[in-house]
Amino acid sequence: MWNRADPKSAWRMRMRQVRDAFQPGFRATWSRDIADRVTALPELAAASTVGVYLAIGSEVSLDGLIGTLLRAGKQVYAPRVLEDRRTIVFCRLRDVTDVEIGYYGIREPRGESLESLESLDLMLIPGLAFTLCGIRLGYGGGFYDRYLASASRQAVKVGVAFDGQIVQELPTEFHDIRMDHLVTDRRIHHCRT
């Protein structure tokens, strides 16, 4: 059943289908519910700098939340893929519309590069699936795992997903970075407690 060379590939295909099957109206409502739960996190209240992502396809949309964060005076940063196509940097996002289309058609900020990658206090991280112990199934590029391993260990890592993306178990590798919290449309789960 699983590809022995990449046991995650079947999971990725299956979980992308699960997420894509959610009706757009539900995804929009659930994204707002997730934004409300994220804003309730004490770690977010304490954060000055917040890493976000700019959703593509059927991902949880953070656009409304980004506006809320900016109005609250938070410094918001989103990833930009560098020319090597293996590395992301987080760049200042002053408005959710101040973007350009980048790698794989993903919206990226036009803002200046974040000078010190260590300065993000909290990161909202997308995924195809998560477990309640904080294991994340990404898209296979390793961008977030490489970034988190090298640059932002102290950042509070918050996995963001629809509740239907939470599964019992996922294949893991030594370099996979675990989330501190998961926020879905139905719950906040603290993975490290």
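Data overview
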item	result
Percent of Cα-Cα distances greater than 31 Å, calculated over segment 8-190	7
Segment 24-69 - charge dipole about Cα centre, Lys and Arg +1 at Cβ, Asp and Glu -1, debye rounded to 20	60
Farthest positive-ward along segment 8-190 dipole, Cα basis, beta-carbon charges - from 65, 134, 45	134
Which of 18, 50 has the fewest Cβ neighbours within 10 Å, and the rest in rising order	18, 50
Check: segment 8-190 dipole with +1 on Lys, Arg Cβ and -1 on Asp, Glu Cβ, in debye	320
Euclidean distance of C-alpha centroids, segment 1-76 and segment 118-180, integer Å	11
Separation in nanometres of the label points that stand 7 Å from Cα toward Cβ, at residue 145 and residue 87	1.9
Values of log10 I(q)/I(0), in the order q = 0.11, 0.19 Å⁻¹, for segment 1-74 under a Debye, Cα-only, solvent-free model	-0.40, -0.84
Sequence of 185, 20, 95 once ranked by neighbouring C-beta atoms within 10 Å, starting from the fewest	20, 95, 185
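Every number here is computed from the coordinates shown, using simple stated rules; none is lab data. Remember, predicted model here, so these are calculated numbers, not experimental data. Using ideal geometry, Cβ is built from the backbone for each residue, glycine included, and neighbour counts are taken over all protein chains shown.
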